[in-house]
Structure formats: C-alpha cells, structure tokens
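Novice: Please read through the structure below; I'll follow up with questions.
The values are calculated or read from the model by the stated rules, or taken from the named source; none is laboratory data. All figures in this text were calculated on a predicted structure; none of them were measured in a lab. Glycine also receives a Cβ, built like all others from the backbone with ideal geometry; neighbour counts cover every protein chain displayed. Surface accessibility is based on the protein's heavy atoms, side chains included, excluding ligands, DNA and RNA. Shrake-Rupley method; radii C 1.70, N 1.55, O 1.52, S 1.80 Å.
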Amino acid sequence: MVPGLRTVLVGRPRSRFQWTFDVLIALLLLIGTFGAYALDVFQVSGGVIVLPGAATLVGFVVAVGVGARRSGLLVAWVSLFAAYIGFQAEWAFLGLSSHSLGGKLAFLFDPVGLAVLGVASLIIGTVGFAIGYLGRLGIEQFRGRAVSQQSHE
C-alpha cells in the first residue's frame, strides 16, 4: 500500500501528545546541539564549515528514527534543521564574542546560511527518513512472512 503525499509529509494521524513530542524532540536537538558544541562534546576541526559534522550526524539519526516511527517527512526536516540551528546559535553567541548582539543575530539569521542549512536539511533529512521508513517496512514484511510461514507449518 502506497501512502499519500500528505501522509508522507506530515505522517499518519496522531494525537496532540504525539505532535508535542515531535516538537520537544526538535527543541531538544536544538538545545542539545548548542550545549554539546558549547561544552566541546562536539568539536569543529576548523576550516570553512558549511555543514557541521556532528550536528549532521545527530540530525540524520533522528531523521531515521522519525522515518521508522512514520511521523512524517516534515518532522525529519525540522529535526535536522533544529540541530543545525543549535550549532549556528552556539557559533553566533559563543564563538563570535567580539561582535555586538546585532552582529550575532545577523549571523544567526543570515538568509544565505539559513538557505544552505535548509537545503541540506531537505536532502539529508529525506535520505534519513527514507532509510528509517523503508527499514521499518522491511521489518514488518519480514515479520508478516515469518508469521504466515509458522501458521502453515
């Protein structure tokens, strides 16, 4: 059974609690990524940074989980973007100490930077979501075949 476009984008019908849970995951990703970079749990090796590796990995893993839960592609994209924004916020507020608050906010909300992170979130989030979604689908089909084989024996 092929799901509709709306189901893929926003997921299956869910309760308000499940929507709140998805929002909390995105907020935890943003805050957790910010904290991990601020405390040097995640480190940047230097050079020109387009996509931070640790934030990408964490967001990708969450996108895989979102796909496995079938929460919707939109949730996967927002989760990955939240991880990137956590990195950007840490860099803006803790890494650019010589800049004014206005300069830090300008860096954080730079349209070009946000566009790059947005496109990366769309691409990487879609791949992670697809891996999780197809992985769960494969597991369910494998279980269904195992159950049907047991019933025929």
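Novice: Which members of region 1-19 meet the condition of being surrounded by 15 or more Cβ atoms within 10 Å (Cβ to Cβ) and not in a helix (DSSP H, G or I)?
Specialist: If the condition is that a residue be surrounded by 15 or more Cβ atoms within 10 Å (Cβ to Cβ) and not in a helix (DSSP H, G or I), then G11, R14 are the ones that fit.
Novice: Sticking with this structure for a sec: Report yes if some residue within region 20-38 is open to solvent by less than 50 Å² (accessible area, probe 1.4 Å), free of Cβ contacts under 8 Å to residues at least 24 places away in the same chain and more than 19 Å from the chain's Cα centre (by Cα); otherwise report no.
Specialist: No: region 20-38 contains no residue that is open to solvent by less than 50 Å² (accessible area, probe 1.4 Å), free of Cβ contacts under 8 Å to residues at least 24 places away in the same chain and more than 19 Å from the chain's Cα centre (by Cα).
Residue-by-condition table, conditions (1) over 30 Å from L134 (Cα atoms); (2) among the basic types (K, R):
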{"position": "S71", "(1), (2)": "no, no"}
{"position": "A76", "(1), (2)": "no, no"}
{"position": "A82", "(1), (2)": "no, no"}
{"position": "G86", "(1), (2)": "no, no"}
{"position": "A92", "(1), (2)": "yes, no"}
{"position": "G95", "(1), (2)": "yes, no"}
{"position": "K104", "(1), (2)": "yes, yes"}
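Novice: If I filter region 110-153 down to residues being open to solvent by 100 Å² or more (accessible area, probe 1.4 Å) and among the basic types (K, R), which single residue comes out as nearest to A76 (Cα to Cα)?
Specialist: Within region 110-153, the match that is nearest to A76 (Cα to Cα) is R143.
Novice: Restricting attention to region 101-109, does a residue exist that is touching a residue at least 24 places away in the same chain (Cβ under 8 Å) and farther than 23 Å from R69 by Cα?
Specialist: no
Novice: Next question, about the same structure. For region 70-89, indicate whether the set of residues that are touching a Phe, Trp or Tyr at 6+ places or on another chain (Cβ under 7 Å), farther than 30 Å from Q141 by Cα, open to solvent by less than 50 Å² (accessible area, probe 1.4 Å) and free of Cβ contacts under 8 Å to residues at least 40 places away in the same chain is non-empty.
Specialist: There is no residue in region 70-89 that is touching a Phe, Trp or Tyr at 6+ places or on another chain (Cβ under 7 Å), farther than 30 Å from Q141 by Cα, open to solvent by less than 50 Å² (accessible area, probe 1.4 Å) and free of Cβ contacts under 8 Å to residues at least 40 places away in the same chain.
Novice: Out of (1) of a type in the set (A, V, I, L, M); (2) part of a helix (DSSP H, G or I); (3) open to solvent by 30 Å² or more (accessible area, probe 1.4 Å), what's the single condition that is false for V50?
Specialist: Among (1) of a type in the set (A, V, I, L, M); (2) part of a helix (DSSP H, G or I); (3) open to solvent by 30 Å² or more (accessible area, probe 1.4 Å), V50 violates only (2).
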